[in-house]
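The values are calculated or read from the model by the stated rules, or taken from the named source; none is laboratory data. Everything quoted here is computed from the prediction, not taken from an experiment. Cβ placement follows ideal geometry from the backbone for every residue including glycine, while neighbour counts extend to all protein chains displayed. When the accessible area is computed, the model is the full protein with side chains, heavy atoms only, and any ligands, DNA or RNA have been set aside. Shrake-Rupley method; radii C 1.70, N 1.55, O 1.52, S 1.80 Å.
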Amino acid sequence: MTSQGISTAHSVVEPRAGTRWFAGTVVVLYALLTMIPLVWIILTGFKTPPDSISYPPKILFTPSPQGYCNLFSTRSRQTPEYIAALPPATETCDKVARADNMVIAGPSNYVPRFINSLIIAFGSTVLSVGFGVMAAYAFSRFKVPLKDDLLFFILSTRMMPPIAVAIPIYLMYRELGLSDTRLGMILLYSAVNVSLAVWLLKGFIDEIPREYEEAAMVDGYTRLQAFRKVVLPQATTGIVATSIFCLIFAWNEYAFAVLLTSGTAQTAPPFIPIIIGEGGQDWPAVAAGTTLFLIPILVFTVLLRKHLLRGITFGAVRK
């Protein structure tokens, strides 16, 4: 091949400029389409109830804090004479409520439900990933009898739809006193997520050469010390990626939360859809609650996105 032919040949790795432009356009369009529902929810949180149900839908509107005020407070209707006798309103939510001949009666239950979601989701993620990494290490490094059968059994628990085991779990939790408790929900979500954690983490640990641990044990480390100081740092990418997937499930889970919680341990997903206003469903408050509910998982995923991308595409990184 001549030097001229070499200079004009296209690389099998580097795509053409037109291909890059087309791929970038497709990605941007797809991102914009997937962002439409999210943007619509955020905008609805700043609408008034009439604007939120108007037809055709309003794109241009006057922003109002009413949705967020209704989300964080309960209101009661009063006569105009009673409201006129009250001292002037100093807070924004008080002004919004009095404009509708209502007064703030107290805080809503959204904040306790949001806190329950944080405790249950992050608590179950820590447990499921902790047990998962130890089980994955055992399956990866030791000769476990019937290993393939056990791994398939662990995975099969993930295949079962929640509704198939909801009633037995409800009866068991009622007898054990775990219904409507944070501990009960943490244990349940951990049991559901541990199967996913084992399968994901086993693949990452399999990619870590055994020679690293053997060299560490030759230097005097015990098996546990080698696991803690050699394997865990190498498996950080896999642990982070697995944690994100487990957290997303626990954060968004709805079926078990509806069946097993009603007050003390109720999370945000079953609470948000039942936010009722004076005339029915309070859609701005629902949209406001949904927007705030998205923030923690979004922040957690964005902060760890580099580990997530590496985990999905490459697995563990060999050094």
Checklist entry - Failed condition for Leu127, given (1) free of Cβ contacts under 8 Å to residues at least 24 places away in the same chain; (2) open to solvent by less than 70 Å² (accessible area, probe 1.4 Å), with all others met? => result (1)
Item to check | Criterion violated by Ala136 - all others in (1) open to solvent by 60 Å² or more (accessible area, probe 1.4 Å); (2) in a helix (DSSP H, G or I) satisfied | outcome: (1)
Item to check | Boolean, Asp94 is loosely packed, with under 14 Cβ neighbours inside 10 Å and of a type in the set (D, E, K, R) | outcome: no
Checklist entry - With (1) closer than 21 Å to Thr267 by Cα; (2) within 27 Å of the chain's Cα centre (by Cα) as the list, and Leu29 as the residue in question, which single condition is left unmet? => result (1)
Checklist outcome for this item: Per the filter on the range 60-91, residues open to solvent by 80 Å² or more (accessible area, probe 1.4 Å) and closer than 26 Å to Asn252 by Cα are Phe72
Next on the checklist: Could you go through the range 101-123 and let me know if any residue there is over 30 Å from Ala191 (Cα atoms), in a helix (DSSP H, G or I) and not aliphatic (A, V, I, L, M).
Outcome noted: no
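Restricting to the range 222-261, count the residues that are polar (S, T, N, Q) and without any contact (Cβ under 8 Å) to a residue 12 or more places away in the chain. Outline the logic, then answer.
At the first step, the residues of the range 222-261 found to be polar (S, T, N, Q) are 222, 225, 234, 236-237, 242-243, 252, 261.
Filter again for without any contact (Cβ under 8 Å) to a residue 12 or more places away in the chain, leaving 222, 225.
The number of residues fulfilling the criteria is 2.
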Checklist entry - Could you list, in sequence order, the residues of the range 140-156 that are in a loop (DSSP other than H, G, I, E, B) and either surrounded by 13 or more Cβ atoms within 10 Å (Cβ to Cβ) or in contact with a Gly (Cβ under 9 Å, 6 or more places away or on another chain) (or both)? => result Val144
Next on the checklist: Among the residues in the range 63-74, are any part of a strand (DSSP E or B), modelled with pLDDT of 85 or more and of a type outside the set (Asp, Glu)?
Outcome noted: yes
Item to check | Lone qualifier among Met159, Met172, Met185 - being farther than 24 Å from Ser262 by Cβ and either open to solvent by less than 40 Å² (accessible area, probe 1.4 Å) or out of contact with any Leu (no Cβ under 6 Å at 6 or more places or on another chain) (or both) | outcome: Met159
Next on the checklist: Given the condition at pLDDT below 85, farther than 22 Å from Leu43 by Cβ and either open to solvent by less than 60 Å² (accessible area, probe 1.4 Å) or hydrophobic (A, V, I, L, M, F, W, C) (or both), answer yes or no: does some residue in the range 109-118 qualify?
Outcome noted: no
